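A.B. asks: One structure follows; several queries about it will come next.
The values are calculated or read from the model by the stated rules, or taken from the named source; none is laboratory data. If you're wondering where the values come from, they're calculated on a predicted model, not measured in any experiment. FYI the Cβ positions are ideal-geometry reconstructions off the backbone, even for glycines, and counts take in every protein chain you see. The area values use the complete protein model at the heavy-atom level, side chains included, leaving out ligands, DNA and RNA. Shrake-Rupley method; radii C 1.70, N 1.55, O 1.52, S 1.80 Å.
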Amino acid sequence: MEPSPKDGESAAAAEPGRGGTAPSSGVVVQVREKKGPLRAAIPYMPFPVAVICLFLNTFVPGLGTFVSAFTVLCGARTDLPDRHRCCVFWLNIAAALIQILTAIVMVGWIMSIFWGMDMVILASKCS
């Protein structure tokens, strides 16, 4: 006596003659990352500048983020098109201060390195 298929299994998967795979329904799924205001304020910089900021963030937490804030004033675009440049500048300064102040407990240093890596990734997408 063969066991009947369980609730999660289909009858096609239980039959040995079939491959056990259902035909594709053709549904396309799109995944979009939602960024917070601090993360969306990271500017799209030229690649060499982004690498310098990553280097600075690696050895002095927050310094590369501080430098990147001034690239916003020089015309670098961000993922916050509805905000004024001065507001985006101050968001980057706030991120740099968070990184500097929390570097004592290693959280800011790790955040600073990831921030620099994000700068390089955005710069490589831009160019």
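A.B. asks: Determine the shape class of the stretch 43-124: with a ≥ b ≥ c the square roots of the Cα gyration tensor eigenvalues, call it rounded for a/c under 1.5, and otherwise prolate if a/b is greater than b/c, oblate otherwise. Kindly include the intermediate steps, with their values, before the conclusion.
C.D. replies: On the way: a/c = 2.16, a/b = 1.36, b/c = 1.59.
Oblate, since a/c reaches 1.5 and b/c is not below a/b.
A.B. asks: Let me ask something additional. Within the accessible area of the stretch 25-113, what % is carbon and sulfur when the probe is 1.4 Å and the other protein chains stay in place?
C.D. replies: On the way: 4120 of 5590 Å².
Accessible surface attributable to carbon and sulfur in the stretch 25-113 totals 74 percent.
A.B. asks: Each residue of the stretch 55-68 in turn: what ³J(HN,Hα) in whole Hz from Karplus with 6.51, -1.76, 1.60 and θ = phi - 60°, glycine and Pro shown as x?
C.D. replies: Calculated HN-Hα couplings, in order: 4, 5, 5, 5, 9, 10, x, x, 5, x, 5, 5, 5, 5 Hz.
A.B. asks: Let me ask another. Just to check I understand the Karplus step: with θ = phi - 60° and J = 6.51 cos²θ - 1.76 cosθ + 1.60, what whole-Hz values come out for the stretch 84-97, glycine and proline as x?
C.D. replies: Taking θ as phi minus 60°, the curve returns 6, 4, 5, 5, 5, 4, 5, 5, 5, 5, 5, 5, 5, 5 Hz for the stretch 84-97.
A.B. asks: While we're here: Sorted by average packing, counted as other Cβ atoms within 10 angstrom per residue and highest first, what order do 96-108, 61-73 take? Show your work: numbers first, answer last.
C.D. replies: Numbers: 96-108: 16.2, 61-73: 21.8.
Answer by packing, highest mean first, reads 61-73, 96-108.
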